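Written below as structure tokens is the structure these notes are about.
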């Protein structure tokens with residue numbers, strides 16, 4: 001139980017102090033950071049005057065480079081320059097093998113996870129993404145003039161649990177406080193929604209570099225409700241580029257490409273694609289592997305190359321509309337996100353499908369970062385009252401493996417999060433004390449067609465006859481879409497121990513080791529950081545309990561009040577010193593003392609919320 | 001947990017869904033984790049649990065079948081996870097006939113008309129059963145509660161058939 005910080009309407013819970021927050025769009029191809037300044041959300045430029053940086057990291061001979069610098073060295077140092085790392089986030093090594101021949105760097109197997117061999121040793125996607133995040137956070141700190149209090153990072157709505165967790169781990173490694181992982185389409189709608197204040201059903205068509213997302217949202221009286229999401233986590237603008245690369249290879253007759261030649265082909269393909277958004281024909285002239293090639297590609301030819309890809313996106317749109325139980329004419333507006341929506345064929349097809357011209361007034365490359373910045377500003381506490389409420393859904397069903405390699409769904413896709421669902425299990429042998437549980441994510445019936453999230457082992461079940469033990473396993477998905485699991489044996493009340501082994505992720509210990517092992521965080525830094533974390537937490541507890549006492553001290557007996565006040569005074573004192581463990585203990589002590597108070601306040605606030613609501617009706 | 005109490009609504013089968021919806025949003029506004037992004041760890045955890053509860057409660061009250069199950073569970077009749085087979089031969093016969101009709105859709109000359117026909121039948125059956133269910137629950141006597149549980153079990157079959165019909169419709173459209 002916890003103490004909730006509840007602000008009365010029109011009165012903020014804390015003395016007002018502007019906090020620094022940023023929204024980060026960590027994209028497959030490009031990344032941006034944005035913030036709200038003087039009430040306006042805009043992207044932030046680095047010292048070179050650029051806001052959009054390529055999501056590219058190069059492990060050079062003497063330093064690590066991120067963004068344009070890394071791209072500049074890409075052709076010469078292809079195997080140490082990492083593009084499109086987002087595609088490898090939260091993926092197993094064998095899953096990524098089909099990608100291997102498209103990548104200019106060497107994939108390796110790191111305990112079953114995909115990682116990259118560089119001259120600086122093996123780097124995993126979490127570490128590589130952390131480099132990009134740290135670079136963006138530096139830009140934000142410089143522009144905003146201080147350390148960031150928190151960030152909102154966007155992820156494709158279609159990202160599964162492992163991919164979300166990997167993104168959060170990367171932020172942790174970069175030393176960032178994540179206020180929320182926000183779905184990219186939701187961020188885009190937020191950017192438009194707050195601007196125009198319009199109501200109705202909105203479709204967000206997001207064709208990014210590596211992923212396609214379609215989200216159907218409803219905006220009504222300040223509530224953003226995600227009705228359905230769909231898409232394809234392995235389809236994006238990169239595939240258009242690959243289609244052109246394939247076409248170029250046909251023209252050149254070069255079937256086997258060296259890493260640097262592949263990079264060269266890709267660069268040419270991107271230029272052709274971009275030029276064809278404006279012109280009806282584009283020409284090329286380049287050399288690769290000691291040969292020279294030139295020619296031209298017409299828009300009609302290009303459209304033929306990517307027609308099937310666009311059709312594939314529309315199939316996902318149809319499915320999402322079906323899930324939302326609406327038809328294309330119910331959609332009031334369509335928001336376009338991602339550089340690839342500049343391709344004329346995409347705009348035409350989307351307009352035709354939804355029978356309405358898509359919105360493009362905000363730069364499709366920046367709209368996600370801008371929405372994230374708006375949400376970050378709200379979440380960090382710079383706004384006294386929340387104008388918008390964001391009700392998100394889980395993008396893929398969560399299930400369990402049952403007999404015969406089948407999946408049983410526990411939480412169906414498009415269920416509003418946060419959500420908790422319990423499932424009961426029983427033992428099938430006399431005296432059985434352990435049980436294995438396999439958690440899956442996906443829509444298909446067979447286990448092998450779904451994505452394995454984790455394997456759990458329940459231990460310490462009291463020995464009973466077969467069928468005697470009732471183990472209640474609770475699956476909880478938080479607002480970021482991340483899953484956690486707990487278990488309890490019901491008849492004995494024994495909490496069964498759970499051992500979690502993520503199928504495609506890092507354990508908490510591994511993340512901690514990476515943080516302490518990385519060059520930037522020497523041992524002393526690590527300890528400072530842990531101390532700082534506890535101090536921040538202590539401040540939050542002091543503030544929350546203080547506010548609660550101001551409004552609701554009358555719910556407590558004289559004795560309880562004295563005890564709580566004493567605990568607060570001692571916590572405030574310990575917080576000033578540098579003993580991490582002592583601060584932690586003082587926080588826990590305060591938490592235990594205020595548990596009942598928290599429950600009372602919770603009941604009171606439910607009544608108040610409903611009462612206020614009834615007053616509204618009169 | 002009594003979901004009706006959470007929303008401060010009377011525990012009845014007939015429910016004003018608009019009212020339920022706006023109460024749900026009022027609670028969400030108060031407890032959604034986004035309100036606690038900068039709060040202490042414990043407060044954040046509690047907010048997640050509380051909103052999960054609110055979501056679950058709303059989900060359960062919104063749909064008539066789940067609402068009936070919840071009401072019956074409050075009266076001590078738990079039927080949500082039971083394994084039970086039917087003994088009512090008339091009902092079983094009817095189910096088999098409907099299932100055959102479903103299977104025949106894809107091979108019929110006019111699949112759209114066939115879908116419509118089955119849909120109408122299903123709707124009629126559902127309506128009738130729901131009406132009986134409402135009456136049985138309102139009576140709130142031991143015998144009627146048992147009868148209500150039986151009606152819920154039957155309705156589940158009809159909702160399952162409806163779902164299968166939708167899948168067939170999708171396949172034909174694609």
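Readers should treat all values here as calculations from the given coordinates under stated rules, not as data from a laboratory. Quick caveat, the model's predicted, so the values are computed rather than measured. In this analysis, Cβ positions are derived from the backbone assuming ideal geometry, glycine residues included, and neighbour counts consider all displayed protein chains.
Here are some notes:
- Comparing B:73, B:38, B:52 in a Gaussian network model of chain B (Cα springs below 10 Å), the most mobile by mean-square fluctuation is B:38.
- With the convex hull drawn around the C-alpha atoms of segment A:378-429, the volume per residue stands at 117 Å³.
- Residues B:99, A:540, ranked from the fewest to the most other C-beta atoms within 10 Å, line up as B:99, A:540.
- For segment A:199-343, the Kirkwood hydrodynamic radius comes to 16.8 Å, computed from all pairs of different C-alpha atoms.
- Two-site label geometry, residue A:550 and residue A:290: point separation in nm, points 7 Å out along Cα→Cβ: 7.6 nm
- Taking the fewest neighbouring Cβ atoms within 10 Å as the starting point, the ordered list for A:316, A:294, A:570 is A:294, A:570, A:316.
- Shape category assigned to chain B from the gyration tensor of Cα positions, a/c cut at 1.5: oblate
- Semi-axes of the equivalent ellipsoid for chain A, Cα gyration tensor, largest first, Å: 43, 29, 27
- Simple label model, 7 Å out from Cα along Cβ direction - residue B:135 to residue A:109, nm: 6.7 nm
- Chain A: angle of helix A:580-617 to the longest principal axis, Cα-based, in degrees nearest 10: 90 degrees
- Rg/Rh, computed from the Cα trace of segment A:372-496 with Rh as the Kirkwood radius, has the value 1.11.
- With the Kirkwood sum run over all distinct C-alpha pairs, segment B:12-93 has a hydrodynamic radius of 15.3 Å.
- Ranked A:392, A:77, criterion: other C-beta atoms within 10 Å, fewest first: A:77, A:392
- Residues of segment A:248-285 with amide N under 13 Å of a point placed 7 Å along Cα→Cβ from residue A:101: A:255-258
- In chain A, Cα pairs under 8 Å separated by at least six residues give a relative contact order of 15 percent.
- More than 12 angstrom apart: percent of Cα pairs within segment B:110-159: 64 percent
- All distinct Cα pairs of segment A:237-303 go into the 1/r average, and the inverse of that average, the Kirkwood radius, is 11.8 Å.
- Global form of segment A:26-93, assessed from the alpha-carbon gyration tensor, a/c cut-off 1.5: oblate
- Average Cα contact separation per residue, segment A:101-213, under 8 Å, 6 or more apart, as relative contact order %: 20 percent
- Theoretical FRET efficiency, 1/(1+(r/R0)^6), r = Cβ-Cβ of residue A:403 and residue A:62, R0 60 Å, to 0.05: 0.55
- Average Cα contact separation per residue, segment B:91-174, under 8 Å, 6 or more apart, as relative contact order %: 32 percent
- Other protein chain C-beta atoms within 10 Å of residue C-beta, averaged over A:410-418: 3.
- Axis angle, to the nearest 10 degrees, between helix B:111-139 and the longest C-alpha principal axis of chain B: 50 degrees.
- Expressed to the nearest 5 percent, the antiparallel share of DSSP beta bridges inside chain A is 80 percent.
- Of the Cα atoms belonging to segment A:350-437, the radius of gyration and Dmax stand at 22.0, 66 Å.
- Prolate/oblate/rounded label for segment A:293-371 (Cα gyration tensor, a/c 1.5): oblate
- Given R0 = 60 Å, the distance between the Cβ atoms of residue A:94 and residue A:352 translates into a calculated FRET efficiency of 0.95.
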